[in-house]
């Protein structure tokens, strides 16, 4: 599988390293060339410096042949727009966007963009942890 990842922070770089370890081809896009240091010197994938919302940068990253596109930048709007471009303009079969705002995440998920909402996921996990405290003998 060929995956293009926009954003080389902790999430994007971690995903890139895991995907190449599984044998996938990966290209990472980030506007900050220093961010690629998170990939390590032995990273076998490619990286492209630039803004992932720029069509020329997306083409340089090989989006036209991508099986999946992951938008993991630090901005909801950027992630949503990039994932929509990947889906609608470049016909990437599996666009995924990290979206912090739960309402936006639901809206764009209903439009066919897979969304991951860390805010909602963290809230649900924390609620489960709090509810587990109600169990007799929990944490005592």
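Coordinate-derived values only; no laboratory data. Remember, predicted model here, so these are calculated numbers, not experimental data. We place every Cβ from the backbone using ideal geometry, glycine too, and count neighbours over all the protein chains shown.
The Rg/Rh ratio for the range 14-97, using Cα coordinates for both the radius of gyration and the Kirkwood hydrodynamic radius, is 0.93. Between the alpha-carbon centres of the range 1-30 and the range 45-69 there is a gap of 12 Å. By how many nm would the segment from residue 18 to residue 125 lengthen if fully extended, with 0.36 nm per residue of separation less the alpha-carbon distance? Roughly 36.2 nm would be gained on extension.
Note on the chain: with a GNM built from Cα contacts shorter than 10 Å, the maximum mean-square fluctuation among 107, 39, 125 falls on 125.
Its alpha carbons give the chain an Rg and a Dmax of 17.0, 59 Å. Relative contact order of the chain: 19 percent, from C-alpha pairs under 8 Å at least 6 residues apart in sequence.
Using a simple spin-label model with pseudo-atoms 7 Å out from Cα toward Cβ, residue 94 and residue 1 lie 0.2 nm apart. Cα axis of helix 10-21 to longest principal axis of the chain: angle in degrees, 0 to 90, nearest 10? Taking Cα atoms only, the helix is inclined about 70 degrees. Where is the GNM fluctuation largest for the chain (alpha-carbon springs, 10 angstrom cutoff): 35, 68, 83? Fluctuation is largest for 35. Of the residues 25, 34, 42, the one that moves most in a GNM of the chain with alpha-carbon contacts below 10 Å is 42.
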